[in-house]
Amino acid sequence: MNKKSVGRVKRRLKPLSAQPAADAIAPAAGDGWRKRRRITDGLIGLSSAIVLSVYAAGYVRTRETDEPVVTQNMAQSQIQTPSHGLPASPANGSQQAGVYRDGTYVAIGTSRHGPIEARVVVKDGRIASAAVSRCGTRYPCSDVNPLIKQVLSRQSAPVDYVSGATDSSKAYTEAVKNALAQAS
Amino acid sequence: MANDRSVFSAVFMDTVITIEVVQAQPYGACDERVNRAFGWFDHVEQRCSRFVESSELSALFRAATGAPVSVSPLLFQLIEFALTVARASGGAFDPTVGQAMVARGYKRNYRTGQETTHRPHTTRETSYRDVVINPEGGTVTLLKPMVLDLGAVAKGFAIDLAAAELGCFSGYAINAGGDVLVRGRNSANAPWRIGIKNPRRPAELIETLVLSDGAVCTSGDYERPRPDGQAGHHIIQPQTGETASDVASVTVVAATAMVADALSTAAFVLGRKRGLQLLESQGVDGLIIASGLELYATSGLSRYRP
């Protein structure tokens, strides 16, 4: 049974201890990587030895990084970038308030020029904000600002594209659709 | 009774990374592991990306040519692996193509939009033989000024490292922009089904593979068009400097993502015949889709077909 993740979508990355997980059988850290077995079974053996050695050494977070995002559990079992099978927006682009569940929903839309992540906040059943939380496109995400206004006024995913920013528009639209699908 | 599944995604290495985890017991027990898995993508990227000015790799380019530079075990071993694949592929896979890539416009950091400052030398040709490593000292020496591109090995490396965090789940799938690693079973308690895109019709699948454990990586001419708008793509023939063109995509199935990632690029450059030979000789399986969409498979690929 697929469960949707409601509301809580952000996972804070906590500082990690230097000790690696116990379920990895690893050689000694430190200089051990230089002295590892030279006789390896071709490239597979070499890559496995390298991964174990580096994994054993572990890492410590030294800077703030982007947090991973919980997305909607998908119905299809294929391993594909999520982009299909989502509920379509109503044709006229407007919906009654109260249709969405309160919470913060974060999702990604992709385009040829990179991904855009949108954060949609629903309060009292209405979309209160639909900002771009992460901009991974080659071009500035400020291009989609007119669409953000549209989301708020129509209370649904945008239905138009911004001329001259078609790819960003598509990515942002997909991101908002994905986010709203979690809220429905 | 289906198992519970959760799907997470984040952006690293200029691509969307998705991790799906499956387990029977309540999720909370393994919560932190997914975060740590993503952390490996960040860790590898910050050290090994030529687009990150502060990375260890970028610092290597700035060091004096001909001088041994002490590097971290992580970067050392990634370079060592890249050079091993270069030798195994007769130079078809060559991390020193970074220079040619910069000249074609592949030089912008996808997060900041800033261009890298490495200036390509148009008159001095480089090859993987111009990179010398010393395991005893843990040093790397660049015999000529160059730009190393580890993109074809770093993502697979990060995938394998991330996977090492997820052993507590009964099944998981890591999808880094089409490079996939799976273990165990999906939430329907069946082996994972992985589709291979039709290179000319991205919404369609040309083939589906079924496996419980392994990595499936694809190199395609459609993934990253040239930023300067000219015809061509991101996979470059090291010997000619031109983009490889007889093949539309290569998919490799191997036990580790590091190997699948590297060999899919190497086989792409080698072309249909020699590429297939390389895969067979390395004991991995794969599918080469030629530019006319003819399919060429290794002898062992059929065991992954449903």
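Report yes if some residue within the stretch B:282-290 is touching a strand residue (DSSP E or B) at 6+ places or on another chain (Cβ under 8 Å), at pLDDT 85 or above, more than 26 Å from B:Ile159 (Cα to Cα) and assigned by TED's automatic domain parsing to the domain that holds B:Ala190; otherwise report no. Yes.
Each row is one residue, and each column tells you yes or no for (1) at pLDDT 95 or above; (2) more than 10 Å from every other protein chain (Cβ to nearest Cβ); (3) crowded, with 21+ Cβ neighbours inside 10 Å.
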position	(1), (2), (3)
B:Ile174	yes, no, yes
B:Val180	yes, no, yes
B:Arg185	no, yes, no
B:Lys197	no, no, yes
B:Arg201	no, yes, no
B:Leu205	no, no, no
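Scanning the stretch B:31-88 for residues that are closer than 23 Å to B:Ala10 by Cα, in contact (Cβ under 8 Å) with a residue 60 or more places away in the chain and assigned to a loop (DSSP other than H, G, I, E, B) yields B:Ser49, B:Arg50, B:Phe51, B:Glu53. Number of residues in the stretch B:243-296 that are buried (at least 20 other Cβ atoms within 10 Å of the Cβ), assigned to a loop (DSSP other than H, G, I, E, B) and either away from chain A (no Cβ under 12 Å) or at positive phi (or both) equals 1. Quick check on the stretch B:55-63. Is at least one of its residues at pLDDT 85 or above, over 17 Å from the mean Cα position of the chain (by Cα), of a type in the set (A, V, I, L, M) and surrounded by fewer than 18 Cβ atoms within 10 Å (Cβ to Cβ)? Yes, the stretch B:55-63 contains at least one residue that is at pLDDT 85 or above, over 17 Å from the mean Cα position of the chain (by Cα), of a type in the set (A, V, I, L, M) and surrounded by fewer than 18 Cβ atoms within 10 Å (Cβ to Cβ).
The one condition from (1) away from chain A (no Cβ under 11 Å); (2) under 20 Å from B:Asn35 (Cα atoms); (3) not aliphatic (A, V, I, L, M) that B:Thr141 does not meet is (2). Which number in (1) surrounded by fewer than 22 Cβ atoms within 10 Å (Cβ to Cβ); (2) at pLDDT below 90 marks the one condition that B:Gln99 misses? Answer for B:Gln99: the failing condition is (1). Summed over the stretch B:120-147, the residues that are modelled with pLDDT under 90 and either part of a helix (DSSP H, G or I) or among the aliphatic types (A, V, I, L, M) (or both) give a count of 2.
Criterion applied to B:Val11, B:Val7 was being within 11 Å of chain A (Cβ to nearest Cβ), surrounded by 23 or more Cβ atoms within 10 Å (Cβ to Cβ) and at pLDDT below 90, and the one residue passing it is B:Val11.
The values are calculated or read from the model by the stated rules, or taken from the named source; none is laboratory data. In this text the structure is predicted, and so the values were computed from the model without any measurement. All Cβ positions, glycine included, derive from the backbone under ideal geometry; neighbour counts span all protein chains shown.
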